[in-house]
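Below is one structure; the comments refer to it alone.
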Amino acid sequence: MKEKTGHLVMWVQGLVLVLLCARLGAGAILEKEGETGTAGEEAVQLTNAAKNGDAKADFDQNRGLVQEKKRVALTFDDGPSSKYTPLLLEGLKERGVHATFFLMGKNIEGKEELVKRMQAEGHLIGNHTYNHVELCKISKEAARTEIEATNQEIYDITGEYPMWLRPPYGEWQKNLDFYVNMFPVLWDIDTLDWKSQNVNAVMQIVESEIEDGAVILMHDAYQSSVDAALQIVDLLTAQGYEFVTVDELVLP
């Protein structure tokens, strides 16, 4: 009996303690209601905004705490080059930057390990035809042969068919995408690196034309292009740009 009474007293004491804590907690909430009426509501609004995909806008407009980075895509045509592409890949790796490489089919043979390295290090691999032909000056059947031959070369090495195509000279036949089922990728900034083969000239073009969402055209076939590309990465990174591959820039 004494043992049962002891248990009952302990139970009653526990219940009283719970009720007392509940009252104290309620009082504290009431006392701070004025404070939480603003801060608490903002927290709820931000949570709801996040669910609706609007949290970034709230932070940007009301506090300026979160700012979306400007993005840019660095692209290279005509490779791979056994001499210059490895230097470029090493420099990009050191900087944690991914680029897009549009490969020519006839340049792939003997450089399969370079293509594998591109894929392994997170770069996007695209198609630049087999012989660097102007697609608008040949038949659709011949254009498809040029494109599919390079696609097959890349697939045999990477196990993936490219989805992105850089048409040489920017020439694209109307409705050709119905024949090859690929996305043509042009550019916003032509560095003319192949023409000047001068780092300063390339840098001047980029600095004068750079903007958010720009696709930069270069070639991994010259030492000056490698040097300029890495300087571009360093310069634009310092300016708050984020380097992404073409698919990340184009696809929502």
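Of note:
- Take residue 161: with every protein chain present and a 1.4 Å probe, its accessible area is about 120 Å².
- Accessible surface of the stretch 129-252, 1.4 Å probe, proportion on carbon and sulfur as whole %: 47 percent
- Between residue 140 and residue 238, the C-beta separation translates, for a Förster distance of 41 Å, into a calculated FRET efficiency of about 0.35.
- Surface per residue (accessible, 1.4 Å probe) for the stretch 170-216, Å²: 60 Å²
- If R0 equals 30 Å, the separation of the Cβ atoms of residue 121 and residue 179 corresponds to a calculated FRET efficiency of about 0.40.
- Calculated FRET efficiency, residue 208 to residue 186, Cβ-Cβ distance, R0 = 30 Å: about 0.95 to the nearest 0.05.
- For residue 240, neighbours were defined as the other residues whose beta-carbon sits under 14 Å from its Cβ, and their charges (Lys and Arg +1, Asp and Glu -1) total -2.
The values are calculated or read from the model by the stated rules, or taken from the named source; none is laboratory data. Bear in mind that the values here come from a model prediction, so they are computed numbers and not experimental data. Every residue, glycine among them, receives a Cβ derived from its backbone with ideal geometry; neighbour counts consider all protein chains shown. What goes into the accessible areas is simple: the full protein's heavy atoms, side chains included, and nothing from ligands, DNA or RNA. Shrake-Rupley method; radii C 1.70, N 1.55, O 1.52, S 1.80 Å.
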